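Worksheet: the structure to be examined is printed underneath.
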Amino acid sequence: MDIGDKRDIFVLNNHQMTAVLTGDIINSKQVTTPEWMFNLKEALAFFGEEPTHWEVYRGDSFQLEIDPLKALEAALYIKATIKKEKNLDVRIAIGIGNKTYNSPQITSSNGTAFINSGECFDSLKKVNLALRTPSKELDEYINLLLELALLTMNSWLPATATIVRAALRNQDLSQRALANMLGKSQSSISEALSRAGYDELLKLLKTYQKKIQTLC
């Protein structure tokens with residue numbers, strides 16, 4: 001499945017639901033800007049058009065609107081993209097809710113999805129990835145899983161992050177095909193994905209999607 005496909009706003013029980021990712025780059029001032037900025041914009045552009053679906057603002061902050069079912073995949077993809085650069089990481093808050101005002105620029109749109117995303121981002125302290133939805137119970141469950149996943153994800157080295165990014169972007173490819181695409185051996189791809197906890201991340205994504213579908 002191509003994670004860039006079908007970014008239409010999700011509809012649950014006749015209520016229009018959308019997801020908003022609010023984030024910024026950790027340690028952005030410690031590296032040359034053009035490289036990470038290019039990578040960030042490339043990752044965001046994979047999911048939609050600027051400025052309707054995403055914008056970069058205040059130097060190293062960004063917002064992205066996306067189908068709620070794909071929001072966590074997008075966050076993981078962005079994280080892997082940014083961690084390709086040594087010493088960099090990203091903070092991301094996922095907010096899910098409605099959209100009551102639609103602007104040509106995402107940063108001027110509004111609704112509970114935007115409010116949830118902003119409030120969730122402001123609450124990020126000890127973790128750098130979290131979720132806020134209309135359901136507190138769902139939030140507690142998913143955020144616990146995210147905290148556990150971050151124990152591995154925050155330790156990704158650039159080489160590992162590069163392979164995870166490629167795997168997320170090309171989920172239909174076998175490890176052999178992925179190795180050929182990246183010019184590496186299949187064993188090195190397998191070892192990197194194992195270190196990255198990639199199989200567990202895919203299980204996390206499936207669990208997330210099942211839980212999001214229960215929102216009403």
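Summary table
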read-out	value
From T81, T18, residue being of a type outside the set (A, V, I, L, M), open to solvent by less than 10 Å² (accessible area, probe 1.4 Å) and within 20 Å of N170 (Cβ to Cβ)	T81
Every residue from region 90-132 that is open to solvent by less than 20 Å² (accessible area, probe 1.4 Å), among the hydrophobic types (A, V, I, L, M, F, W, C) and touching a helix residue (DSSP H, G or I) at 6+ places or on another chain (Cβ under 7 Å)	V90, I92, A93, I94, I96, L129, A130, L131
Scan of region 138-178 for residues that are farther than 21 Å from Q209 by Cα and charged (D, E, K, R), ordered by number	R176
Close pairs from region 156-183: first over 23 Å from L40 (Cα atoms), partner in a helix (DSSP H, G or I) and aliphatic (A, V, I, L, M), Cβ under 6 Å, at least 6 apart	Q175/I189; A179/I189
In region 140-182, the residues that are in a helix (DSSP H, G or I), open to solvent by less than 20 Å² (accessible area, probe 1.4 Å) and over 14 Å from T207 (Cβ atoms)	L150, M153, T160, A161, I163, V164, A166, A167, L168, L178, A179
Index of the failed condition, M37 passing every other in (1) in a helix (DSSP H, G or I); (2) open to solvent by less than 30 Å² (accessible area, probe 1.4 Å); (3) of a type in the set (A, V, I, L, M, F, W, C)	(2)
Residue match in region 98-110 (condition: within 18 Å of the chain's Cα centre (by Cα), over 28 Å from K29 (Cβ atoms) and of a type outside the set (D, E))	no
Any hit, region 96-109, residues being in a strand (DSSP E or B), in contact with a Gly (Cβ under 7 Å, 6 or more places away or on another chain) and modelled with pLDDT under 95	yes
Candidate set: region 199-216, residues that are open to solvent by 20 Å² or more (accessible area, probe 1.4 Å) and hydroxyl-bearing (S, T, Y); chosen: the one nearest to I96 (Cα to Cα)	T214
Tally, over region 183-197, of residues that are within 22 Å of L150 (Cα to Cα), surrounded by fewer than 18 Cβ atoms within 10 Å (Cβ to Cβ) and of a type outside the set (G, A, S)	2
Unmet criterion (only one of (1) among the acidic types (D, E); (2) at pLDDT 95 or above; (3) surrounded by fewer than 17 Cβ atoms within 10 Å (Cβ to Cβ)) for D5	(2)
Any hit, region 116-134, residues being among the aromatic types (F, W, Y), assigned to a helix (DSSP H, G or I) and out of contact with any strand residue (DSSP E or B) (no Cβ under 8 Å at 6 or more places or on another chain)	no
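The values are calculated or read from the model by the stated rules, or taken from the named source; none is laboratory data. Computed from a prediction, not measured in an experiment: that's the story for all the values here. Positions of Cβ are backbone-derived with ideal geometry, glycine not excepted, and every protein chain shown enters the neighbour counts. To get the accessible areas, we keep the full protein, side chains included, count just its heavy atoms, and leave off ligands, DNA and RNA. Shrake-Rupley method; radii C 1.70, N 1.55, O 1.52, S 1.80 Å.
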